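Here is the structure we will look at.
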Amino acid sequence: MIHIVAKNSVKKSQVETFKVLTKELILKSKEEEGCIAYDLYEDMNNPTVLTFIEIWADEEAIERHNKSKHF
């Protein structure tokens, strides 16, 4: 199992837009073979910091994800 933590700093004025735009990415990623978890979290102390936490079965699953149209 491979865990990925992808931290994003988003302009305050773009936080809601970022969340809306990433909904499709999250939903489609969760449907992929080898995806165990794929979620977006907001920092409690700084709402402009949004972090994806992903769990993948193996490197092959990540490679397929990185080549996917939605990614």
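Bear in mind that the values in this text are calculations on the coordinates, not laboratory data. Small disclaimer: the values here were computed from a predicted structure and weren't measured. For neighbour counting, all protein chains shown are included, and Cβ atoms are generated from backbone atoms with ideal geometry for every residue, glycine included.
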Under the 7 Å Cα-to-Cβ spin-label approximation, residue 55 and residue 1 lie apart by a distance in nanometres of 0.4
Computed, not fitted: 222 nm per-residue ellipticity of the chain from DSSP H runs ≥ 4 (each -39500 (n - 2.57)), nearest 500, equal to -11000 deg cm²/dmol
Computed over region 2-67, the relative contact order (Cα-Cα under 8 Å, seq sep at least six) in percent reads 42
Checked the chain against the a/c 1.5 cut and the a/b vs b/c comparison, axes a ≥ b ≥ c from its Cα gyration tensor; verdict prolate
